[in-house]
1. Can you tell which of Glu48, Glu10, Glu57 is outside any loop (DSSP other than H, G, I, E, B) and loosely packed, with under 10 Cβ neighbours inside 10 Å?
2. Do you know which residues across the range 35-62 are small (Gly, Ala, Ser) and more than 30 Å from Phe6 (Cβ to Cβ)?
3. Are there any pairs with C-beta distances below 7 angstrom linking a residue in the range 22-34 that is within 13 Å of Phe7 (Cα to Cα) to a residue that is assigned to a helix (DSSP H, G or I), with the two at least 6 apart or on different chains, and if so which?
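Readers should treat all values here as calculations from the given coordinates under stated rules, not as data from a laboratory. Bear in mind that the values here come from a model prediction, so they are computed numbers and not experimental data. Here the Cβ positions follow ideal geometry from the backbone for every residue, glycine too, while neighbour counts run over all protein chains shown.
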Amino acid sequence: MSLDKFFVQEMQKNGFDVDFKQLQKIYTSSRKNNAEEIAKRKRIAERERNFMHEAMEQYDVDQ
């Protein structure tokens, strides 16, 4: 998302009381939270893969 003065003007014209710095802070924090959520999902998927792999080895299941 590119933030420019025209976007800020549109937001202000539509009733949002924001400036460039506020929008930049909101965007940055949302991207940080998204990165944390992606990392969390990757950890969960890795844990599930390891569990399935161990279970298949334990019960001698061929793939």
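1. When all the criteria are applied, what remains is Glu57.
2. Ala39, Ala45, Ala55
3. Here the result reads Leu23/Val8, each pair linking the range 22-34 to a residue that is assigned to a helix (DSSP H, G or I).
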